[in-house]
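Visitor: The structure follows.
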Amino acid sequence: MRNYNSPGFLIFSCLVLAGSWIGVSMNASAAEHTDEQRVFRGLYKELVEINTTLSSGSCTKAANAMAARLRASGVPDNDIHIIVPPDWPDQGNLIATLRSSIADTDTVMLLAHIDVVEANREDWERDPFTLIEENGYFYGRGTADDKSMAAIFVDLMVRLSRSGYQPERNMKLALTCGEETPNTFNGASYLLKNHRELMDASFALNEGGGGRMNNDGTKVYNGVQAGEKTYQDYQLEVTNPGGHSSRPRPDNAIYRLSKALDRISSYTFPVEFNDTTRAYFRQLSGIVSGQIGDDMLAILDTPPDQDSLSRLLESPSYNSILHTTCITTMLSAGHAPNALPQKASANVNCRIFPGHTQEEIRQVLEQVVSDAEVVVTLKDPPESTSPPPPLSREIMEPIERVTEQMWPGVPVLPSMIAGGTDGRFLTPAGIPTYGVSGIFYAPGESNAHGLNEKVSVKSLYEGREFLDRLVRIYIGGE
Ligand SMILES: [Zn+2]
């Protein structure tokens, strides 16, 4: 959502303001840190302060710390599994289940990753591995991505277990490592490959969604992520016999590759929609009215209005969810300044719209390049892909109901993301995975992956309350 200053949006802000005032008053007491919140804060602090970076941290240590809390709350030992891959001693994962007494019932999974991206102390204003509460924010690496949801899920299982809660469906917690390091080790895909039975569930809640608020705290929408594009790198390579640069020839590996990349740069993949992106644009058109809102409706016509489409394609955010995109990200060529290049290669990173295979896109790139001398290959073996998880009423109705309870008038907005979560491993494996948290962020506020990562204290506690109510609806029981 880019255009916050559009008139339609300002009118809407007032509406939202009215709605969220009720929310604010309801949460005022929460800001005074209830006992439960203080316990939660202690758990969150413990998790944030365990360094779980690939370079110098240990997910295994964090997994064991959370397991100790679950064990102490009464979750039986044989329902707590710490999975440490033989070759990756510090990349431990935790799977724990709050079991229903109903035989043959199914399972709802709460998925969160406990690893975090790197953080150098000298670059940060505060120690990235100390939880610091300041000016209404929690600061620290992973406070937003993704120890917020990991802590909320562990805290919920501890409280339900301690209270003797009897769910109708099993509630499974999966804390995985390696979400941030898919090219080295990824816990979710490792567990699916090696411990599929432990990962079984009817559906999963995960990161990737979340509320959007504008800078003065008024809530705009509560986002639910359903589906993501597929990440795939392609290599384009040209080889040439080379020779002495004092006797140049017309056939040059670098020139040939540049022409190929130029053809790719001017190629646009066809625009397409799926249920998630249709719902996204339809609903967003009601939030961001004005020209941009009208455009969002007009592109849903058959055929889509071309003028509206070209306006929306100018926005990198909307462009990224309207079709497959490919962009050149890295180049390497030549071996000596005084020699004709024998090899030139480029990395082209594609984000593939669901429903297309990586091989299909490779063939499209080959056709666009249309030069047999330019070899187009997949950089890494293709991950399994699938259509987005369905926006079923079973999933969406409880989200809408709790959103209306907590933030009257704030719409629920389904979205497909261009980036990636571990949902890209679970959904194709038959576990439809939805990004939903109820944690609201202003644009760029969390600075996830960046310096001085943070989450607002109010948003985190509201998210905790939201997920508590939501999960209880999904698992049933009392
Ligand atoms: Zn994350």
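Visitor: Restricting attention to the stretch 197-220, and to residues there that are under 16 Å from residue 470 (Cβ atoms) and in a strand (DSSP E or B), which single residue is farthest from the ligand (Cβ to nearest atom)?
Guide: Here the answer is 203.
Visitor: Cβ-Cβ distance below 7 Å, separation of 6 or more or different chains: which pairs start in the stretch 400-424 with a residue that is small (Gly, Ala, Ser) and end on one that is assigned to a loop (DSSP other than H, G, I, E, B)?
Guide: Every condition considered, the pairs that remain are 418/229; 418/321; 423/208.
Visitor: In the stretch 165-193, what residues are in contact (Cβ under 8 Å) with a residue 12 or more places away in the chain, open to solvent by 30 Å² or more (accessible area, probe 1.4 Å) and either away from the ligand (no atom under 16 Å from the Cβ) or among the aromatic types (Phe, Trp, Tyr) (or both)?
Guide: 166, 168, 169, 190 - these are the residues of the stretch 165-193 that are in contact (Cβ under 8 Å) with a residue 12 or more places away in the chain, open to solvent by 30 Å² or more (accessible area, probe 1.4 Å) and either away from the ligand (no atom under 16 Å from the Cβ) or among the aromatic types (Phe, Trp, Tyr) (or both).
Yes/no matrix, rows are residues, columns are (1) under 29 Å from the mean Cα position of the chain (by Cα); (2) of a type in the set (A, V, I, L, M, F, W, C):
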position: 234; (1), (2): yes, no
position: 238; (1), (2): no, yes
position: 242; (1), (2): no, no
position: 283; (1), (2): yes, no
position: 309; (1), (2): yes, yes
position: 324; (1), (2): yes, no
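Visitor: Another one. Going by the structure shown, is residue 472 closer than 18 Å to residue 173 by Cβ and surrounded by 23 or more Cβ atoms within 10 Å (Cβ to Cβ)?
Guide: no
Visitor: Something else now. Which of (1) within 30 Å of residue 123 (Cα to Cα); (2) assigned to a helix (DSSP H, G or I); (3) open to solvent by 10 Å² or more (accessible area, probe 1.4 Å) does residue 420 not meet, given it meets every other one?
Guide: (2)
Visitor: Now a separate question. Could you list all residues from the stretch 293-345 that are assigned to a helix (DSSP H, G or I) and charged (D, E, K, R)? Please lay out each step first, then the result.
Guide: So the first thing to find is which residues in the stretch 293-345 are assigned to a helix (DSSP H, G or I), and the list is 293-298, 306-313, 316-320.
Those that are assigned to a helix (DSSP H, G or I) and charged (D, E, K, R): 294, 295, 307, 311.
Visitor: Quick one: which strands (runs of 3 or more DSSP E) sit completely within the stretch 121-196 and have at least 2 residues that are closer than 24 Å to residue 72 by Cβ?
Guide: 170-176
Listed here are the residues, each with its yes/no results for (1) of a type in the set (A, V, I, L, M); (2) within 29 Å of residue 217 (Cα to Cα); (3) surrounded by 23 or more Cβ atoms within 10 Å (Cβ to Cβ).
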position: 382; (1), (2), (3): no, no, no
position: 394; (1), (2), (3): no, no, no
position: 451; (1), (2), (3): yes, yes, no
position: 464; (1), (2), (3): no, yes, yes
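Visitor: Further, regarding this structure: So, in the stretch 66-88, exactly how many residues are in a helix (DSSP H, G or I) and either open to solvent by less than 20 Å² (accessible area, probe 1.4 Å) or aromatic (Phe, Trp, Tyr) (or both)?
Guide: Here the count works out to 4.
Visitor: Scan the stretch 431-449 for residues that are open to solvent by 30 Å² or more (accessible area, probe 1.4 Å) and either within 15 Å of the ligand (Cβ to nearest atom) or outside the structural domain of residue 219 (by TED's automatic domain parsing) (or both) and jot them down.
Guide: Those that are open to solvent by 30 Å² or more (accessible area, probe 1.4 Å) and either within 15 Å of the ligand (Cβ to nearest atom) or outside the structural domain of residue 219 (by TED's automatic domain parsing) (or both): 441, 447, 448, 449.
Visitor: Out of (1) part of a loop (DSSP other than H, G, I, E, B); (2) touching a residue at least 60 places away in the same chain (Cβ under 8 Å), what's the single condition that is false for residue 104?
Guide: Tallying (1) part of a loop (DSSP other than H, G, I, E, B); (2) touching a residue at least 60 places away in the same chain (Cβ under 8 Å), residue 104 fails exactly one: (2).
Visitor: Something else: Go through the stretch 132-151 and report how many residues are open to solvent by less than 10 Å² (accessible area, probe 1.4 Å) and away from the ligand (no atom under 14 Å from the Cβ).
Guide: 2
Visitor: Give all pairs with beta carbons closer than 6 Å in which a residue from the stretch 108-131 that is open to solvent by 40 Å² or more (accessible area, probe 1.4 Å) meets a residue that is away from the ligand (no atom under 15 Å from the Cβ) and among the polar types (S, T, N, Q); count only pairs at least 6 apart in sequence or on separate chains.
Guide: What qualifies is 118/55; 125/452.
Visitor: Now a separate question. Quick one: is residue 372 farther than 22 Å from residue 223 by Cα, surrounded by fewer than 21 Cβ atoms within 10 Å (Cβ to Cβ) and free of Cβ contacts under 8 Å to residues at least 12 places away in the same chain?
Guide: Against the criterion (farther than 22 Å from residue 223 by Cα, surrounded by fewer than 21 Cβ atoms within 10 Å (Cβ to Cβ) and free of Cβ contacts under 8 Å to residues at least 12 places away in the same chain), residue 372 qualifies.
The values are calculated or read from the model by the stated rules, or taken from the named source; none is laboratory data. Owing to the predicted nature of the structure, the values given are computational and were not obtained by experimental measurement. For neighbour counting, all protein chains shown are included, and Cβ atoms are generated from backbone atoms with ideal geometry for every residue, glycine included. Just so you know, the surface numbers come from the protein's heavy atoms only, side chains and all, with ligands and any DNA or RNA stripped out. Shrake-Rupley method; radii C 1.70, N 1.55, O 1.52, S 1.80 Å.
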